[in-house]
Every structure is written in C-alpha cells, then in structure tokens.
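S.K.: Can you read through this structure? Questions will come right after.
The values are calculated or read from the model by the stated rules, or taken from the named source; none is laboratory data. Keep in mind that what you see is a predicted model, and the values were worked out from it rather than measured. Neighbour counts are summed over all protein chains in view; Cβ atoms, including those assigned to glycine, are modelled from backbone coordinates with ideal geometry.
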Amino acid sequence: MSQQTVHKPSEDPSARSGNPQVRRRSLRERLSRPHFSPSSLSPRSRRTLGWVGGGLLVLAILIALVVAFWDWNWFRGPVERAASARLHREVTIAGDLNVDLWSWEPSATVDRVTIANPAWAGKAPLGTVARIGVTVRLLPLFRGQTDLRRLTVERPDFKLLRDRQGRANWDFSDGRPKSPLKLPPIHSFSIQDGRLSYRDTQRDIRFEGVVNARETLAERVRGFELTGRGTINGAAFRAEVTGGPLLNIERGKPYPFAADIRAGRTRLTARGAVPKPFDLSQFHMVATAQGPDMAELFPLTGIALPNTPPYTLRGRVARDGMVWRVAGLDGRVGDSDLSGILSMDTAGERPMLTANLKSRSLDFDDLGTLFGAAPKVGSGETASPEQMAMAKTMAAQQRIFPDAPLDLRRIRAMDANVSFSAASIRDTPIRLTSASVRVRLDAGLLRASPVRLDLPRGRVEGFVSLDARKDVPATELDLRLVNSRIETLIPIRYDGASPVTGALVARARLTGSGNSVHKAFASANGDVVVAAPGGEIRKAFAELLGVNVVKGLGLLMAKDTSTTPINCGVAHFRSRQGILTADRIVFDTGPVLVTGSGTVNLGTERMDLRLRGQDKKFRLVRVLLPVTVKGPLMAPKLGVYAGSAVAQGGVALGLGALLSPLAAILPFVDAGLAKDAQCGALVAQAGRQGAPVAPRPLTAGR
C-alpha cells in the first residue's frame, strides 16, 4: 500500500510562538485581511475584545455618572484663584457653580461673583454680579478658538473710581502695557438690570447709570442701552449710549451704536460701528462736538485743550488699539474756521496728542481766549455769557492781561506736538497777514517754537515757553520784529500820506512767574528794545516833537509836505519785577533830537513817559516843555508837562550821556544795527563826545 501524502493547512509560525508581540502582530495582520469577520478570530482573541469593549463601556458609564452627579462647586476655589490671578484683584464666588457638558454647546452658570477693589480704593467691592451664564461651541475649542453662543449677565453692579493721583480701580494691567477690551465672538449677549456708578475726583465727575442689553428695549429697534445722570464740575451731566440688538451677532458684520452725551452746555453726539463685535480695539464713528469752551471737554476726553470761544466741530473718529484718530475735522471756533487732523496715543504714561490744524480766516480776538482773555463782544461777535462778562470787567478796569488761572493738572496730564497755521487774519490791532506756530508739550514743559506772525512788510518771530513742572509756573518769551516798517505798524495818515516812514525792528526778551498771564507779566524781568535805523518824518511833526508849536503848526497849516531824515531812533526798557524803566529813548531827526524817560508798569498796566525834544540849532528864546504819555496801556493820553520848563541849552553838551551805550543796545535787536550807516554814525558821534560805547550784552533778568 502506497503511502499517501496528507496536506494540512498551512500553520502560522507565530501561532506556535510564545512571543506576545509576535502574536499581537499576527492578530493585526489577520484583522486587516479582506473579508475579516469576528468569527475568524480565535476564542482567546474574541474574549480579549470583549473585555476591552466592556471596560470602555463601564468607563463611559462612570464618566456619565460623575458628570451627572459631580458637585461642580469643588472647582470654585481653582476658578477663583485663576480669575484673581488674571485680574490682579481678589475674585470670590459665593453661589453655585453648575456645568452642563453633555452637549455640542456646553454651558455653565456661576452665582454671586464679587470682584474686590485694590487696596487704595477702600474695602467696598469694585463690582458684584448676581449670575453669569455662558454657552460655548465645543468644536472650535479643539481648534484653540473661543466662540460664545450665549453670554448672560444678571444684575451687575459696578462702582468705578479714579482718585486724584489718576489711579483707576478698573485698570487691571498691574503695570503691564495697557490694551483695549477685546472679547471673543458672542452670538447672543444679554445684560439684565445692570447698574454703573462712576466717580472721578481728578476730573470732578459723578455718574449713576443703568445698563440693559436685550433683544429690544421699549419697542425700539435697539438692544443695548446705557443711560444715566450725574455732574461734571457741578454742571448737570447726562449720557445715553445705545446699540443694535445683541442677538444673532456675526463676527464679520459691523455692530452699530450711537451716543448722546451732555455736560452742562457741552454736547457730544456720535454714530458708528464696531467692525468685529466685540473687539473694542477697533471701531469708527462720525462725531460732533459743540459747547461754550473747548477746555470744558477735558473731563470727558482727557485732552487738555485751551480755552476758546463757543465752537462747533465735526469729524470722523476711529480707534486702532491704543490710538485714536480724528480725520476730516471741520467746523468753527468763535468767528474762525478750523480744520485738520489729529491723533491721540494713549499707550504711554501720558496721552500723546499730535495734530496739524489750519484756519483759512482767523479772527484775531479769538486767540485771546487761549490765554484766558475774552473775545470781542460787539455786534456779530461770538462769545459765551461768561466771556461776555469777563470782557466787560476787563474793559471797565482798562486791562489787557487776563487773570484767569492756568489749570496745571491739565498741562501735566498729557504731551502734545501740534502745528497750527492761519492763511489770513482779520480784526487785528496791527496789520497781520498770516500766522503759524508749532507747540510741543512734554511732561509739563510747553514750548511754542517757532512762532511767526507775518506783516505786510516784515514779521514777528521767536518762541514762548511755559514751565509748569513746578508749583509756580515760569514763563519765558523771546520775540523779534524783523524787517518791518513804521508806517505798517503805526498807520497814521495826514493828507492821505503817512507823516513817518522808515524801517523798524524790535526785540522783547522777558521771563516771569505765576499761574496767569497777568502774574507772569507783573513779575517780568528782561529787556525790550525798539529801533528805527532810518527813514523820513514830516518837518512839521519833527518840530512838534521838539514842542516848537508855532513853527510846527505853521508848517502843518501851510500843508508843507517837506520831510527830514530820521537818523536813528532807539527805545530801550529794562524790566524788573514787571516795571519797564526807560533806560534809553533817543529819536534823532534832522532838526530835532528827542530823548525820553519814564516807566511802564505791567502789573498795574499803566504808563508814565516823558519825551523832550531839543533843537540842534541853539535858539535863545526857546523854552523846552516835555511831552507826556500817561495812563492805561489800553488808552494812553498825550500831554505837555508844564511843571518844569527848562531853558534850552546846547544839545551837544549832553549828547554823550544821552546816547550811551547804544553799541550794546543795538546788537540786542540786530547785530548789524551798530554798524548801520545812520545808527552807526550816531554811535560814533557819541563816542567822539566821550560816551562809553563799548559793547555790553543785554541779558534777561539782569
């Protein structure tokens, strides 16, 4: 019998192997084979899968039971600690913490939340919330994104406070760079019965408001509303901010809002939108502002603006992070137009204002309000009731320099770099054609440089500074009159022509202290020099300057238009504690040499000057009577001082003393005047007669 070969099914060597890794690999290979079915597994493998599946089911049931019956209040402590670390304030949860995780949109509620104040703000809490409810989409969380489907805040009550040092209890930056509020996308946001209290002792603001955010309010198509009342500097304050319904909000759809804020007679209105709700780091609006004085905007905006006449302005306001920009600014301030652009960067220790402003037609008296004075109050002029009352008081007292005190807090509260230009100027005491100035403010030091006022011939240029870093501010000014003409600044006409013509230059360098313009001038030290290096004057007026009344009037009545040269004219005043004393007044013409003396008191704003003309030709019968200029600076009066008539002597006898030391005075105004053909000759003549004409520099405060 032949032996038959028996064919057995091929056997996997791994099945006989005792290596577990080999067995597991074999199992995976068989599972991955086509047409696999659980029945193809070995009994042992089926038992293993059964145990694994059962374990997973039990684990799922246990997790479900834990989630269903777990007391989530166990997490209040960790949540409190995390929130406290985030806000740098103590946060406590006195109510329940509930969580519902079995949803594609998990939700949670937390009751009775309290946020403490910083230590300097007292023991009362910053705010309390009766309940906070939140629902979030689950899937975006796995991508690292937060998408809130619902946020509900019930009965929030917050008391915001800013003290005199500028500290704010809602500032959670703890010394870190500040950033605007930026919330994640919220599909539905509601606030029920919210209350907001705001007290700012630095800006004297008190406000009590109510906040609600629902689908609609009072049958009006809006969902957010903040309304309240209070006071600013004792004046009534009312605010109303409204927005669209906070339902079905889309991240890419702008959220509209409107605001109407009134503080006394100041009113701000705005309409705008937040491009990406609720990212408040970026939004835009069209805003209008109107009121009696732009300085009154400081409590609302934190911008230290100067005093102005009544104004109405409009512009497009946009926020980009910590920077606010106003484009297309346009409107009127007093009787002047104003336009330009400006920005405010609030990221630093102090806000930084940058602006480029222009005026096509500037009413000169509107500038006076910048320094605390009042604009004109006649027919057609624009002024507030307070400015009208001030104008009447100053006119009755015949005063020029205002007493209005500077608010040093505002000057120190911000920095600035502002440029302003006026294409034309009207209603000026002297003829001005245009003006420009650049103002920089840095940590309480304000400097206007360069200042430029253009005349039909010549200009005024220089700088003015105010150091408000100390308790008593210090003022310094250095202004020059360059390349001007006498007939431009003194537009006197006789028979259709100017009786005096010629070049005119001047310089004023003064320093003073005090918290008002009047106090600064009343304490001023320094020098003021006016010089006429040449020109012509009617002979008739030259004779009158010498009080040769008979000859002068005779020439005038005969309509004699002949002229005589002006060789040189110089007036030098030294100021000590606000009193300008005439150190040298010399006006040299062909027939007459005029000299003068006296004082100008900037504190009382009155002057007392005497001008005495002396014929260059000796006249035996001539008697000298000084001409006086006395009275308030606003309206001085000319007269003749008859109390001390002096018989004429030879003018040459005292010329050296009269002209000394012009060589030091003239370069103070213009370095070339001491060598001028006419003024230089006068200096040389004084030197020949023994006058000390060596240069002696003039310094403010000497």
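S.K.: As an exercise: evaluate Gly328 against (1) out of contact with any helix residue (DSSP H, G or I) (no Cβ under 7 Å at 6 or more places or on another chain); (2) buried (at least 16 other Cβ atoms within 10 Å of the Cβ) and give the number of the one condition it does not meet.
M.R.: (2)
S.K.: Then there is this: How many residues are touching a strand residue (DSSP E or B) at 6+ places or on another chain (Cβ under 7 Å) and not in a loop (DSSP other than H, G, I, E, B) when one looks only at the range 93-139?
M.R.: Total satisfying the criteria: 25.
S.K.: Can you tell me which of Ala347, Ala304, Ala318 is of a type outside the set (S, T, N, Q) and touching a His at 6+ places or on another chain (Cβ under 6 Å)?
M.R.: Ala318
S.K.: Related question: Hey, could you check the range 455-490 for residues that are at negative phi and among the small types (Gly, Ala, Ser) and say which is modelled with the lowest pLDDT?
M.R.: Filtering first and then ranking leaves Ser484.
Each row is one residue, and each column tells you yes or no for (1) under 18 Å from Ala318 (Cβ atoms); (2) surrounded by fewer than 17 Cβ atoms within 10 Å (Cβ to Cβ); (3) among the charged types (D, E, K, R).
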| residue | (1), (2), (3) |
| --- | --- |
| Ala235 | no, yes, no |
| Glu240 | no, yes, yes |
| Leu246 | no, no, no |
| Arg251 | no, yes, yes |
| Pro254 | yes, yes, no |
| Ala258 | yes, yes, no |
| Ala263 | no, no, no |
| Pro277 | yes, no, no |
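S.K.: Right, another one. Do any helices (runs of 4 or more DSSP H) entirely within the range 346-416 hold 1 or more residues that are touching a residue at least 60 places away in the same chain (Cβ under 8 Å), farther than 25 Å from Asp427 by Cβ and in the same structural domain as Arg606 (by TED's automatic domain parsing), and if so, which? Walk me through it before giving the result.
M.R.: Values: elements: 365-368, 385-396, 408-412.
Correct list: empty, since no element meets the threshold.
S.K.: Can you report the number of residues in the range 346-380 which are surrounded by fewer than 19 Cβ atoms within 10 Å (Cβ to Cβ) and either closer than 25 Å to Arg265 by Cα or of a type in the set (S, T, N, Q) (or both)?
M.R.: 11
S.K.: Could you list, in sequence order, all residues of the range 397-450 that are farther than 21 Å from Thr354 by Cα and aliphatic (A, V, I, L, M)?
M.R.: Matches in the range 397-450: Ile400, Ala404, Leu406, Ile425, Ile430, Leu432.
One line per residue, one yes/no per condition, for (1) over 33 Å from the mean Cα position of the chain (by Cα); (2) closer than 21 Å to Ala85 by Cα; (3) not assigned by TED's automatic domain parsing to the domain that holds Val211:
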site	(1), (2), (3)
Lys123	yes, yes, no
Leu126	no, yes, no
Leu138	yes, no, no
Thr152	yes, no, no
Phe158	no, yes, no
Arg164	no, no, no
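S.K.: Among the residues of the range 239-277, write down those that are of a type in the set (Asp, Glu) and within 28 Å of the chain's Cα centre (by Cα).
M.R.: If the condition is that a residue be of a type in the set (Asp, Glu) and within 28 Å of the chain's Cα centre (by Cα), then Glu240, Asp260 are the ones that fit.
S.K.: For the range 266-320, name all the residues that are under 20 Å from Ala355 (Cα atoms) and of a type in the set (Phe, Trp, Tyr).
M.R.: Matches in the range 266-320: Phe298, Tyr311.
S.K.: Tally time: how many residues in the range 401-426 are over 23 Å from Pro450 (Cβ atoms) and surrounded by fewer than 16 Cβ atoms within 10 Å (Cβ to Cβ)?
M.R.: Selection size over the range 401-426: 3.
S.K.: Residue by residue through the range 561-581, note down the ones that are at pLDDT 90 or above, in a strand (DSSP E or B) and surrounded by fewer than 19 Cβ atoms within 10 Å (Cβ to Cβ).
M.R.: Within the range 561-581, Arg574, Arg576, Ile579, Thr581 meet the criteria.
S.K.: Scan the range 185-233 for residues that are at pLDDT below 85 and loosely packed, with under 15 Cβ neighbours inside 10 Å and jot them down.
M.R.: Within the range 185-233, Glu215, Thr216, Ala218, Glu219, Arg220, Val221, Asn233 qualify.
S.K.: Okay, moving on. Being touching a strand residue (DSSP E or B) at 6+ places or on another chain (Cβ under 6 Å) and more than 17 Å from Pro125 (Cβ to Cβ) is the filter here, so list the residues in the range 163-183 that pass it. Spell out the reasoning first.
M.R.: Of the residues in the range 163-183, the ones touching a strand residue (DSSP E or B) at 6+ places or on another chain (Cβ under 6 Å) are 168-170, 182.
Hit for the range 163-183 is Lys182, nothing else.
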